[in-house]
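The values are calculated or read from the model by the stated rules, or taken from the named source; none is laboratory data. No experiment lies behind these values; they were computed from the predicted model shown. We place every Cβ from the backbone using ideal geometry, glycine too, and count neighbours over all the protein chains shown.
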Number of protein chains: 2
Amino acid sequence: MIVLGVDPGLTRCGVGVIEAGASRRLSFVHVDVVRSDPEQSQDLRLLTIYQGLTAALDRFSPDVVSIERVFAQSNHNTVLGTAQAAGLAMLGAAQRGIPVALHTPTEAKMAVTGNGQADKIQVQRMVARILGLNQLPKPADAADALAQAICHALRPAGAIQGGEREEHLTQAQRQWAEASAKYGKHRGVQRDM
Amino acid sequence: MIVLGVDPGLTRCGVGVIEAGASRRLSFVHVDVVRSDPEQSQDLRLLTIYQGLTAALDRFSPDVVSIERVFAQSNHNTVLGTAQAAGLAMLGAAQRGIPVALHTPTEAKMAVTGNGQADKIQVQRMVARILGLNQLPKPADAADALAQAICHALRPAGAIQGGEREEHLTQAQRQWAEASAKYGKHRGVQRDM
């Protein structure tokens, strides 16, 4: 299964592609950061990000696209551009009939480091270790996109597909999803690796 | 000049089209509300909104698309979906080489009623009067989309194109733009009609 992870952003949008094989063995396929010029108008920047994302979707034909869930509570002034970039990734996937999964940053950090509060360098180190890379994925957006993909590949089976399909979860999976939703952003949830 | 106004939203996205003729005479062309099903996953909802917006762009070939500017300070929980819908409108315009203008809700209310704090019914009444409609445009999203288009057609020449091109403004226009940006959202700015 090919998983394409997206760390959405209007200035830098991370794209990380992995392959999940038998017994959840993960291997690295590709990583890139799509950039747009902050000097350009917002419509042209969104077009650049969309073109970069859809080029990656067409090149790697992923089975699923895993996108970082954006929160309105993030009151830094880039949150709307981040949400728009995430929306473009969802649009590109939906246009191609590719399922979308949304995972919080905390879930992604938990999945790769076992700690939802892990810092950037920890995430980079563990992403490199899990995927057998010889060097740390940089910049942080690249590592975060790979962490999104890893998070989805290692998730409890059936959890949080498309952000809306939680009716298919078992009770335990639903509890995990609810805990993630409740504590995911600000406190972090420990999860057995 | 054909102006297509957008009142962005994920559940209801207003689209209003007007023609601005000689001496700023405005006439009604079209109004519609693109809707997505809240029961669907977010990726499919965004696809539905995108398809509706791009169908309108292709049908009316506007000279400019005027989109309501979304603010991160709006802390209601629909702001991210609203921002994403606005992003899709910008993407659709950029893909077709159509310039994009962004105007705040306050600017649109000022343009049609002379009062940036006008309520929904005032906006509906004045939109109907300006465009010579026999009935009020409903729902509010439809009236707001027409008000966006009217706002752009009546703007000070050259103001706030694409949200980023303010370097072309005269000093007076820049002051108006700065005042709008500063006071636009929460206080309203009176403007001579």
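Within the bounds of the range A:102-113, is there any residue that is farther than 23 Å from B:GLN95 by Cα and touching a His at 6+ places or on another chain (Cβ under 7 Å)?
Filtering the range A:102-113 for residues farther than 23 Å from B:GLN95 by Cα gives A:102-113.
From what's left, touching a His at 6+ places or on another chain (Cβ under 7 Å): A:103.
Yes, some residue in the range A:102-113 is farther than 23 Å from B:GLN95 by Cα and touching a His at 6+ places or on another chain (Cβ under 7 Å).
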Residues that are assigned to a loop (DSSP other than H, G, I, E, B) and within 20 Å of A:THR82 (Cα to Cα): does the range B:77-87 have at least one? yes
Apart from one, (1) in contact with a strand residue (DSSP E or B) (Cβ under 6 Å, 6 or more places away or on another chain); (2) of a type in the set (Lys, Arg); (3) within 13 Å of another protein chain (Cβ to nearest Cβ) all hold for A:ARG45; the odd one out is (1)
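Is it the case that B:GLY163 is at pLDDT below 95, over 15 Å from the mean Cα position of the chain (by Cα), surrounded by fewer than 19 Cβ atoms within 10 Å (Cβ to Cβ) and within 20 Å of B:PRO62 (Cα to Cα)?
Against the criterion (at pLDDT below 95, over 15 Å from the mean Cα position of the chain (by Cα), surrounded by fewer than 19 Cβ atoms within 10 Å (Cβ to Cβ) and within 20 Å of B:PRO62 (Cα to Cα)), B:GLY163 does not qualify.
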Of the residues in the range B:1-43, those that are part of a helix (DSSP H, G or I), at pLDDT 95 or above and surrounded by fewer than 17 Cβ atoms within 10 Å (Cβ to Cβ) number 0
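Hey, among the residues in the range B:48-76 that are part of a loop (DSSP other than H, G, I, E, B) and closer than 22 Å to B:VAL123 by Cβ, which one's farthest from the other protein chains (Cβ to nearest Cβ)?
Only one residue fits best here, namely B:PRO62.
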| query | Does B:PRO99 count as within 11 Å of chain A (Cβ to nearest Cβ) and at pLDDT 95 or above? | reply | yes
